[in-house]
Each structure stands twice: as C-alpha cells, then as structure tokens.
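Everything below concerns the one structure shown next.
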C-alpha cells in the first residue's frame, strides 16, 4: 500500500507531502491523506509556521482575540459563581498536531478500520486509489483534524474547560461528554455565554465537542477560517486526552 500512498500523495501540495513523512505508520498516513484530498484550498487552511505565529502574537489581531477570550472567561465566572473557564490561548503548532495525530485513540481506530479496505483498493485498482481514499467514510470519524488542517493552527478555534478552583470539572475527554458536559448542564451553560458574543461560533458538532468554539475576528485584516468543503456526518467523538480536540 505504500506505493499507492506515494502515488496518491504526489499530487498534493509540498507541505502535505512533508507532513505525511512525520506521521507514524502507513494506515495513519492514508487516513490523513483522505483529509488532504478532501480539504479544498489546503493553502488557505494550512497551519501557520513558527514565524507566522510569532508575527500574529505581536499583532492587534492577537490582542483582539485575547480580549474576546477574557470577556468570555469573565462572563462565565459571573454567571457561574465558584467556577472558571480555562483556555489554552496559544496557536497549535504543526508539530503538536502531528504528535496528537500519532497518539490519538480515535485516529488509531479509524486508521485500523480503513487499513483492510485500503489494501484491497490498492491491489484492485492502483490508479484509482486516490479517488477511493477521498471517498472513504470512517465511521465514526476521528475526533482530530489531520495535521495542518486544524483551525487551532491559525488561532481560529479554542477549547474551553470548566474548573472549580484547581479541579477540572469538564475537560476535553470525548469519552466523558455525556457525564461531564451534558448531564451537568455545562454544555448548555457555556453555550449560553458564547451566544452573547459575536466573536464565537459553535460548539463543534461534527464530531460532538461542546468545549470547541470557532473564533470569528471582527477586524478585517484577520484571516477567516476556511470551512471544510466536505464535512463528516455528525457523530459522537471517540476518547482523547485533555486538550486533544480538533
């Protein structure tokens, strides 16, 4: 299958071919390739370089984003005495995205489920392998964007976690959505706060992540998130460690 993967990847942009080499194992690479083939304008969606991140962190656009986050945290604390919102404000680097893709359980499950059919598709029709990969539908889909395609990589998505003092009450473990977010009402309470601000859209529903919100900057000079032209069908996400969402 490596030959089929190499041929299919040869038509992708250079940044995609580079990152595929950093992904562990052929099955995870094929699963990632599927996302790249379906991504539309990869260049517009691609995660920022370290230099681009550094420039953004010195810009008025970054100050605007931090102000929007601070407002959300203050408003949440006001409406929920004794509880606070934690949010990682750093842009998620490509290296971090690769590391999480290589270690994520839902990615491993989807890659394993795809491996057998992909090997058959490669053997039956090597020339049509790229089209087969693009059309494949993992059920359930992995709960991470392929490395380079995460909105976190352009500072346009944030994951919020509910804290009570130093205790994590509702985090980003997808296995605990029903227990920590739905049954306790935190999903609703966070959504109510976010609905008051035009700076945030969400939460993410494909897969379900009640902590994940897209940031919509008000300034015209801030690049907008390019949406996935081929979104996955809505489904519950698989288990992931804290901070490991899309």
Discussion item. I'd like the distance separating the alpha-carbon centroids of the stretch 149-182 and the stretch 18-44, in whole Å.
Written reply: 25
Worksheet item: If you take the Cα Rg of the chain and divide it by 2.2 N^0.38 Å, with N the number of residues, what do you get?
Response: 1.05
Worksheet item: With the chain treated as a Gaussian network of Cα nodes joined by springs under 10 Å, which of 155, 171, 103 yields the largest mean-square fluctuation?
Response: 103
Discussion item. What's the whole-number percent of alpha carbon pairs in the stretch 38-95 lying beyond 12 angstrom?
Written reply: 74
Worksheet item: For the pair residue 87 and residue 18, what calculated FRET efficiency results from E = 1/(1 + (r/R0)^6), where r is the Cβ-Cβ distance and R0 = 22 Å, to the nearest 0.05?
Response: 0.15
Discussion item. Using Cα springs under 10 Å in a Gaussian network model of the chain, which residue among 34, 45, 79 shows the largest mean-square fluctuation?
Written reply: 79
Discussion item. If a paramagnetic tag sat 7 Å from the Cα of residue 54 along the Cα-Cβ line, which residues of the stretch 9-31 would have the backbone N under 11 Å from that point?
Written reply: none
Worksheet item: Given 0.36 nm per residue, what is the gain on full extension from residue 139 to residue 11 after removing their alpha carbon distance, in nm?
Response: 43.4 nm
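Quick note: the coordinates plus some simple rules give every number you see, no bench work behind them. Being a predicted model, the structure only gives us computed values, none of them experimental. Cβ sites come from the backbone with ideal geometry, for glycine too, and all protein chains shown count toward neighbours.
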